[in-house]
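First comes the structure, then the notes that go with it.
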Amino acid sequence: MEVKRYEIDAAQLGERQQAHAYLREALGFPAYYGGNLDALYDCLRELPPTELHLDADALAKAGPYAQKVIQVLEEAARDDPRLRVILERRDPNMDQIETVYQQWLAQPDMAPALLEELRGMDEDTKYDSFYRDLEFGTAGLRGVLGAGTNRMNVYVVRRATQAVADYLNGTALPKCAAIGYDSRIGSDVFAREAAAVFAANGITAHLYPRLEPVPALSFAVRELHCGVGICITASHNPAQYNGYKVYGADGCQITPEAANVILQLIEKLDFFTSPKRADFDAALAAGTIAYIPDAVLEKFVDTVYAQRVGDGAGIAELKLVYTPLNGSGLECVRMLTRKLGIQNMTIVPEQEHPDGHFPTCPYPNPEIREAMQKGLELCDKVKPDILIGTDPDCDRCGAAVPDGKGGYRLISGNEMGVILLDFICRSRIATGRMPQNPVAVTTIVSTDMVDAVAKHYGVELRRVLTGFKFIGEQIALLEQAGHPERFIFGFEESYGYLAGPYVRDKDAIIGSMLICEMAAYYRAKGSSIKEELERIYTEYGRYLNKVDSFEFPGLSGMDKMADIMQNLRDNPPKDFAGDKVVKVVDYKKPEETGLPAANVLIYTLESGATVVVRPSGTEPKIKTYFTTKGKDLAEAEAQKEKLAEACKPLLA
């Protein structure tokens, strides 16, 4: 689905009447647009998928009304995932940008589509495409497809791969790489380009012959004893994005230290003259590029299947609706459900086949109702026991279950993590397969309810920083100690799950299997996931998990956030809305937490509630995570609102 992109002139927003007149014309608001902030919010919510780009420096210099406008823009973006507001710090040196642009325009082998795009660029597009290099970090690269240094294209991929090859050749790691890709536009081309660069650098490239899930790539890195892995994917971003994930020899996404080394290597390279490239077909014939055999994928699915925890009860009768959201999950999910013995699976037809345009949902993220809407509509017709959706690279999965009122209820990531841990524990105990000293791992921002469930079953719960690579590190520690079997489950509240040590990334294939096992088990008992979730709430208390965000736009935004965090450390609050603080954990103190330093504060309150304060490292935003507990949902929600109100003056 097309996403409209607008460059918003921040200088036009400083005065009320001028700002609304400008926005009415720039964004095509209807004639009845009221010219006030409430009307602005309403009209923004009616826009099609849209990106609004603003110069952060210009915004900081605009009049005071501009800050009110930007707050409304970002509030609308929080409430509607189709809208994105992007604040950019822009280098005013257009002469330098023009020089780089002309270098790209003059390249004799420039891809025809990119050359056409370059020739058609206006000044704003030229600026956005060339004002910086696409940022590289622990998540690799991710950006909009197109021509330029700030875009995803073959030249950016070649340059990054040359740096990864230089990094690998400077280590004692095996000189081979595994490469996978998803259904996004250009993914197959980027994967072949990466393979050609590796081959030219004396590194054997093992390439999946067709699109496969991210966890299958993590598995291949380990199975084929590779030094690195590359997956071409932008996860659940909109269709105009693609990305480049880098994995270490352990199958985890690379560490910050490795990412920094690779970034330094990237910065030394020219986009066009530095990357070495082999002829793909010649390298394939010579064996320096090799397609990963189907036996590896089959072993991956077999290994996932071996992690099942149930006894198969009710599987044959289970009624499943599944959507791969036009991504890479269908092949592996279908192989696995056949092994399980599921006989009644209906695929959402509009989302069955790979399609990087994602025509039915602009944001193919199973966390969002809109992405699951086609599946929910099919559920109304076929009345399954469970709906499961996996994102395009198949590392996250969402689910919906009958709500007991004739409709279907989406299960949150926290809820699914808790009920899966409960199911895994009770199933392992029932079958005598619970290891000694079992370990589960989650993140510091996941629900506190999981602590109660883990304690009930005698499971050691470890909390790590956000990012599944940190869960993978805990699995590695258990493996190094000779007891990988102790790891029974890991999850993030953002819909990522893993059971078993066979990969080092979240895996929607095993997530789907466990959810199916659980749905079949409870169905066979005359119960359901919804009823069991209510049982857990009754047994452990009605937990509520909510996230709020505080925006700090403008040039001074990041500085303001730093001041707020420092003030919270210098003058720690004694209570929130009268609820006494009984414990504070500052994750900037690794000597106390045992984790890498992170700018996160967690307050435990006398009532048992928690407040987590965490600034974004890339956006002018501070997030607050609330976990509250009540005798029912209304009480938990009321407590959360009190805590949220208490936070506002602290973050003002």
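The values are calculated or read from the model by the stated rules, or taken from the named source; none is laboratory data. Worth saying up front: this structure is predicted, and the values here are computed from it rather than measured. We place every Cβ from the backbone using ideal geometry, glycine too, and count neighbours over all the protein chains shown. Each accessible area value is taken on the protein alone, full model and side chains, heavy atoms only, with ligands, DNA and RNA left out. Shrake-Rupley method; radii C 1.70, N 1.55, O 1.52, S 1.80 Å.
Tabulated values for the structure
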{"quantity": "Segment 192-251 - residue that is closer than 15 Å to T138 by Cβ and more than 19 Å from the chain's Cα centre (by Cα) and, of those, most open to solvent (accessible area, probe 1.4 Å)", "calculated": "D250"}
{"quantity": "Qualifying residue in segment 485-503 (condition: at pLDDT 95 or above, within 28 Å of the chain's Cα centre (by Cα) and surrounded by fewer than 18 Cβ atoms within 10 Å (Cβ to Cβ))", "calculated": "yes"}
{"quantity": "Residue in segment 155-175 that is touching a helix residue (DSSP H, G or I) at 6+ places or on another chain (Cβ under 9 Å), among the hydroxyl-bearing types (S, T, Y), farther than 25 Å from E223 by Cβ and in a loop (DSSP other than H, G, I, E, B) present", "calculated": "no"}
{"quantity": "Whichever residue in segment 585-632 is among the polar types (S, T, N, Q) and either in contact (Cβ under 8 Å) with a residue 60 or more places away in the chain or assigned to a strand (DSSP E or B) (or both) and, among such residues, is surrounded by the fewest Cβ atoms within 10 Å (Cβ to Cβ)", "calculated": "T604"}
{"quantity": "Test: residue in segment 479-501 that is in contact with a strand residue (DSSP E or B) (Cβ under 7 Å, 6 or more places away or on another chain), in a loop (DSSP other than H, G, I, E, B) and among the polar types (S, T, N, Q)", "calculated": "no"}
{"quantity": "Evaluation of M335 against (1) surrounded by 15 or more Cβ atoms within 10 Å (Cβ to Cβ); (2) closer than 26 Å to A520 by Cα; (3) touching a strand residue (DSSP E or B) at 6+ places or on another chain (Cβ under 8 Å) (one fails), failing number", "calculated": "(3)"}
{"quantity": "Inter-residue pairs, beta-carbon under 9 Å, first loosely packed, with under 15 Cβ neighbours inside 10 Å and in segment 291-304, second not in a helix (DSSP H, G or I), 6+ apart", "calculated": "Y291/H206; Y291/L207; Y291/Y208; Y291/P209; P293/P209; D294/P209"}
{"quantity": "Residue within segment 180-188 that is crowded, with 24+ Cβ neighbours inside 10 Å and aliphatic (A, V, I, L, M) present", "calculated": "no"}
{"quantity": "Residue within segment 371-392 that is at pLDDT below 95, out of contact with any Asp or Glu (no Cβ under 7 Å at 6 or more places or on another chain), in a helix (DSSP H, G or I) and farther than 22 Å from K319 by Cα present", "calculated": "no"}
{"quantity": "Residues (of a type in the set (V, I, T) and either outside any loop (DSSP other than H, G, I, E, B) or touching a His at 6+ places or on another chain (Cβ under 8 Å) (or both)) located in segment 298-345", "calculated": "V301, T303, V304, V321, T323, V333, T337"}
{"quantity": "Inter-residue pairs, beta-carbon under 7 Å, first farther than 15 Å from K381 by Cα and in segment 397-411, second of a type in the set (S, T, Y) and at pLDDT 95 or above, 6+ apart", "calculated": "C397/T390; C397/S512"}
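Yes/no per residue for (1) out of contact with any Asp or Glu (no Cβ under 6 Å at 6 or more places or on another chain); (2) open to solvent by 10 Å² or more (accessible area, probe 1.4 Å); (3) of a type in the set (G, A, S); (4) modelled with pLDDT of 85 or more:
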| position | (1), (2), (3), (4) |
| --- | --- |
| Y41 | yes, yes, no, no |
| E46 | yes, yes, no, no |
| T50 | yes, no, no, yes |
| D79 | yes, yes, no, no |
| V85 | no, yes, no, no |
| Q103 | yes, yes, no, yes |
| L118 | yes, no, no, yes |
| S129 | yes, no, yes, yes |
